[in-house]
1. Could you list, in sequence order, the residues of the range 1-51 that are part of a strand (DSSP E or B) and surrounded by 13 or more Cβ atoms within 10 Å (Cβ to Cβ)?
2. For the range 26-46, name all the residues that are touching a helix residue (DSSP H, G or I) at 6+ places or on another chain (Cβ under 6 Å) and at pLDDT below 95.
3. Could you give me the residue pairs with C-beta distances under 6 Å whose first residue belongs to the range 47-70 and is over 30 Å from S24 (Cβ atoms), whose second residue is surrounded by fewer than 17 Cβ atoms within 10 Å (Cβ to Cβ) and not acidic (D, E) wherever it lies, and which are 6+ apart or on separate chains?
4. Is at least one residue of the range 156-165 within 18 Å of N47 (Cα to Cα), touching a Lys or Arg at 6+ places or on another chain (Cβ under 9 Å), of a type in the set (K, R) and assigned by TED's automatic domain parsing to the domain that holds K42?
5. Just checking, which of N176, N160 is farther than 22 Å from E49 by Cα, of a type in the set (S, T, N, Q) and without any contact (Cβ under 8 Å) to a residue 12 or more places away in the chain?
6. Out of F10, F18, which single residue is of a type in the set (F, W, Y) and closer than 23 Å to D170 by Cβ?
7. Checking R137 against (1) touching a residue at least 12 places away in the same chain (Cβ under 8 Å); (2) surrounded by fewer than 21 Cβ atoms within 10 Å (Cβ to Cβ), which test does it fail?
8. If the requirement is being closer than 21 Å to M193 by Cα and either at pLDDT 95 or above or outside the structural domain of V171 (by TED's automatic domain parsing) (or both), which of these qualifies: Q85, Q110, Q66?
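The values are calculated or read from the model by the stated rules, or taken from the named source; none is laboratory data. Keep in mind it's a predicted model, so treat the numbers as computed, not measured. Cβ coordinates were reconstructed from backbone atoms using ideal geometry, including for glycine residues, and neighbour counts include every protein chain displayed.
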Amino acid sequence: MLGSLFDKSFAFLALLLFAPFILSISLVILLKEGRPIFFAHKRVGQNGEPFKCIKFRTMVVDADEQLKKLLDSDPDARAQWAANQKLDDDPRVSCIGEFFRITSLDELPQFWNVLRGEMAIVGPRPIVKDELEHYGRHANVYLSVRPGITGLWQVSGRSNTTYEERVALDVEYVRNRTFWGDVRIILKTVKVMLTVDGAK
């Protein structure tokens, strides 16, 4: 109960504080890339409940088609996607989208997910349903809590980690989480955002 109250209070204050940034980013995307401004992607929530994770749109409009075309034609990209669900050189990401991703500004709308009770400020990474298989016997551990805007993975190397390391970090967080541990992760997140360490 205390954690939920903290999360929603934090999210409400964050949305007020970042309102000028949110409006400015929305305007930049609208002028440079057009609509839609936001992208809502289905992710797995607590107890397996699906929800739409909201971000600023950082990809081109036909992102799904471009990904399929790349994976069909490039074996190296297909292997990298299968291993990490990420690409080092992702053709789907727009120029301004790359900047928003590096600075994590694309994730500001997720504070709305926190207000809706779908996410926490600190928690495991939001993942899609297909990624659950990577968690194996630890899948229930992941599903026992709400995914977070930030978490142990985000302050532990982020894109510089393997998928197996990401899973281990998520499981470690859930099994050892405390309120003050969450506060430390939030403070570390500020440092990571300012130095764009490991972000991509």
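1. Matches in the range 1-51: F38, F39, A40, R43, V44, F51.
2. Initially, the range 26-46 is screened for residues touching a helix residue (DSSP H, G or I) at 6+ places or on another chain (Cβ under 6 Å), giving 32, 37, 44.
Matches in the range 26-46: K32, I37.
3. P50/K42
4. Within the range 156-165, none of the residues are within 18 Å of N47 (Cα to Cα), touching a Lys or Arg at 6+ places or on another chain (Cβ under 9 Å), of a type in the set (K, R) and assigned by TED's automatic domain parsing to the domain that holds K42.
5. Working: N160 fails: without any contact (Cβ under 8 Å) to a residue 12 or more places away in the chain.
One residue alone meets the criteria, N176.
6. Answer to the selection: F10.
7. (1)
8. Answer to the check: Q110.
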